[in-house]
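Working notes, beginning with the structure itself.
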Amino acid sequence: MRVRAVIGIRMRTTAVAVVVLALAIAVACVVVVVLLEESLDRSVTESARSTGRQVAIQLVREGSRDLSASDVASTGDTEAVTQVLDRTGRPIAGDPAITGHPPLTGDRPAPGQETVETLPLDLNGDGADYRVVSQGVRGPGGPYTVISARSLEPVTEASTRLTLLLALISLPLLAIAGFAVYRSVGAALRPVERMRRTVAEVSTRDLTARVPLPPGNDEVHRLAVTLNEMLNRLHSAQAAQRRFVADASHELRSPLSTISTALDVSGRHPETTGELVPVITRETARLRELVDDLLMLARTDDTTERPATTEVDLDDIVRAEAHRIRAEGPIKIEVRAGPAKVRGSEAQLRRAVRNLVDNARGHARERVRIASWVHETTAVVEVSDDGPGVAPEDRERVFERFVRLDASRQRGHGGTGLGLPIVAGIAARHGGQASYVDVTDPSYPGAHFRIELPRLEED
């Protein structure tokens, strides 16, 4: 890993390209050399066979008595020699270079037959390999054996020279290819380096900078688009965080100011302490509620936190919340708790349903309906009321943090503006969603909020 980090992608890519090209050239050179050797080998064999046939034709026509040295001689040296043996295997004619030499091979093919073999012959004292073609001939004076031998040293020399030539040609080719790949990779990575510099200069205080988009529609262009989209998300998240901090500070300032003022008045006028206690108590409760909501939002935003999950019966939560509301006020509660089982955090899901129920109770005129059911693979909890409802243009905004549509709907009931955002966050953490649904029901003309979660399949 350290070597990879030190070398860099340009050098690694160049090295891989050069190695692959070197292997390809090596394979090609081996193929060329092997084909050349096979071609030269066949040529040497055919040359030896042709020379032997010429001598055999002479033997068939005139016999060994009229066979002159010029009829047998090949090249006058030991590179190509011809020898004629009688029926007893005694040399009766041959090249001057091998005069007095014993038979070149022990093979004695029958007339009309031929044998081809490669033998080391000690003609020059070096024991070089020869291609030996032996042909049986029937002519005047008995059967003869014509032996034609050709040295394979030219084949070896030719293949060696070709190998050296190809190696010498390959070295500059590899150097040129390596240089070209190095420059090409550098040119391809140049836009990436510009993007890196741009991203490195982006600070947490200013996320407005964007990386330049290179031309084309290749991987580098898509990388730039992805980086810009990521910067857009970070900018949006930063703006949302700043708004959240500002809104939270504003919300916390109000009860703190009230408590501070009450304490100051109580200190200056001790006789008013009894009258100010309810005010301090109310604002302290509001402050505690706001802090609890902020902590819950932080938990729903923290994707690294993994709360314990169990099987949760949403219909049990619906019945429990309905019982709680009946005990707290004169609002009529209608319950339609159909079986709906999910997997998740029971405490968080109970908090989500409670927020919807409290929201409906705070704005209902006479009645609230709490229902749960299952639709295909989705478990649903819906809370409806007969209050003023929510205008169509505001039905998405109600899930934003610290959003109050009007003073009478939220602040008058002591809400923090975080109840519905908490519901949306909990639903998202459980793989579902919270939404405002447009339902036409004369009995409940107000708001209809719904939580949809993945249903837990029964075994």
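Couple of notes before you dig in:
Yes/no per residue for (1) closer than 30 Å to Val245 by Cβ; (2) of a type outside the set (A, V, I, L, M, F, W, C):
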{"site": "Val312", "(1), (2)": "no, no"}
{"site": "Ile317", "(1), (2)": "no, no"}
{"site": "Arg336", "(1), (2)": "no, yes"}
{"site": "Ser345", "(1), (2)": "yes, yes"}
{"site": "Val353", "(1), (2)": "yes, no"}
{"site": "Leu356", "(1), (2)": "yes, no"}
{"site": "Asn359", "(1), (2)": "yes, yes"}
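- Number of the exception - Ala364 against (1) hydrophobic (A, V, I, L, M, F, W, C); (2) in contact with an Asp or Glu (Cβ under 7 Å, 6 or more places away or on another chain); (3) free of Cβ contacts under 8 Å to residues at least 12 places away in the same chain: (3)
- Residue among Ser64, Ser74, Ser50, Ser68 that is open to solvent by less than 80 Å² (accessible area, probe 1.4 Å), polar (S, T, N, Q) and at pLDDT 85 or above: Ser50
- A single entry from Asp316, Asp292 fulfils the requirement of being surrounded by 14 or more Cβ atoms within 10 Å (Cβ to Cβ), modelled with pLDDT of 85 or more and out of contact with any Ser or Thr (no Cβ under 8 Å at 6 or more places or on another chain): Asp316.
- On inspection, Ser148 passes the criterion of being at pLDDT 90 or above, of a type in the set (Gly, Ala, Ser) and not in a helix (DSSP H, G or I).
- Members of region 344-353 found to be under 15 Å from Asp315 (Cβ atoms) and open to solvent by 20 Å² or more (accessible area, probe 1.4 Å), listed by number: Glu346, Arg350
- In region 168-206, the residues that are among the hydrophobic types (A, V, I, L, M, F, W, C) and in contact (Cβ under 8 Å) with a residue 24 or more places away in the chain: Leu173, Leu174, Ala177, Val181, Val185, Ala188, Leu189, Val192, Met195, Val199, Val202
- Pairing each residue of region 423-439 that is closer than 16 Å to Ala347 by Cα and free of Cβ contacts under 8 Å to residues at least 12 places away in the same chain with any residue that is open to solvent by 30 Å² or more (accessible area, probe 1.4 Å) and in a helix (DSSP H, G or I), provided the two are 6+ apart or on different chains, yields no C-beta distance under 6 Å.
- Among the candidates Gly389, Gly425, the residue that is surrounded by 20 or more Cβ atoms within 10 Å (Cβ to Cβ) and either modelled with pLDDT of 85 or more or touching a helix residue (DSSP H, G or I) at 6+ places or on another chain (Cβ under 9 Å) (or both) is uniquely Gly425.
- Filter result (farther than 15 Å from Ala209 by Cα, surrounded by 11 or more Cβ atoms within 10 Å (Cβ to Cβ) and of a type in the set (A, V, I, L, M)) within region 238-251: Ala240, Ala246, Ala248
- On the stretch given as region 112-136, residues that are open to solvent by 50 Å² or more (accessible area, probe 1.4 Å) and of a type outside the set (D, E, K, R) total 7.
- Unmet requirement for Leu287, which otherwise passes all of (1) open to solvent by 50 Å² or more (accessible area, probe 1.4 Å); (2) at pLDDT 80 or above; (3) hydrophobic (A, V, I, L, M, F, W, C): (1)
- Pairs where the first residue, in region 257-275, is closer than 19 Å to Arg286 by Cβ and in a helix (DSSP H, G or I) and the second is open to solvent by less than 50 Å² (accessible area, probe 1.4 Å) and among the aliphatic types (A, V, I, L, M), C-beta under 7 Å, 6+ apart: Thr258/Val279; Ile259/Ile280; Ala262/Leu276; Ala262/Val279; Ala262/Ile280; Val265/Leu276; Ser266/Leu276
- Taken together, the residues in region 106-142 that are of a type in the set (A, V, I, L, M) and under 20 Å from Pro96 (Cα atoms) amount to 5.
- Some residue of region 141-155 being hydroxyl-bearing (Ser, Thr, Tyr) and surrounded by fewer than 18 Cβ atoms within 10 Å (Cβ to Cβ): no
- Identity of the residue in region 175-216, farther than 26 Å from Val16 by Cα and among the polar types (S, T, N, Q), that ends up nearest to the chain's Cα centre (by Cα): Thr198
- From the list Arg336, Arg369, the one residue that fits, being of a type outside the set (Val, Ile, Thr), open to solvent by 50 Å² or more (accessible area, probe 1.4 Å) and in contact (Cβ under 8 Å) with a residue 24 or more places away in the chain, is Arg336.
- Test: residue in region 181-200 that is within 30 Å of Leu35 (Cβ to Cβ) and in a helix (DSSP H, G or I): yes
- Scanning region 172-227 for residues that are open to solvent by 50 Å² or more (accessible area, probe 1.4 Å) and of a type in the set (Ser, Thr, Tyr) turns up Tyr182, Ser184, Ser203, Thr204, Thr208, Thr226.
The values are calculated or read from the model by the stated rules, or taken from the named source; none is laboratory data. This is a predicted model, so every value here is computed, not measured. Every residue, glycine among them, receives a Cβ derived from its backbone with ideal geometry; neighbour counts consider all protein chains shown. These area figures cover heavy atoms from the full protein model, side chains too; ligands, DNA and RNA do not enter into them. Shrake-Rupley method; radii C 1.70, N 1.55, O 1.52, S 1.80 Å.
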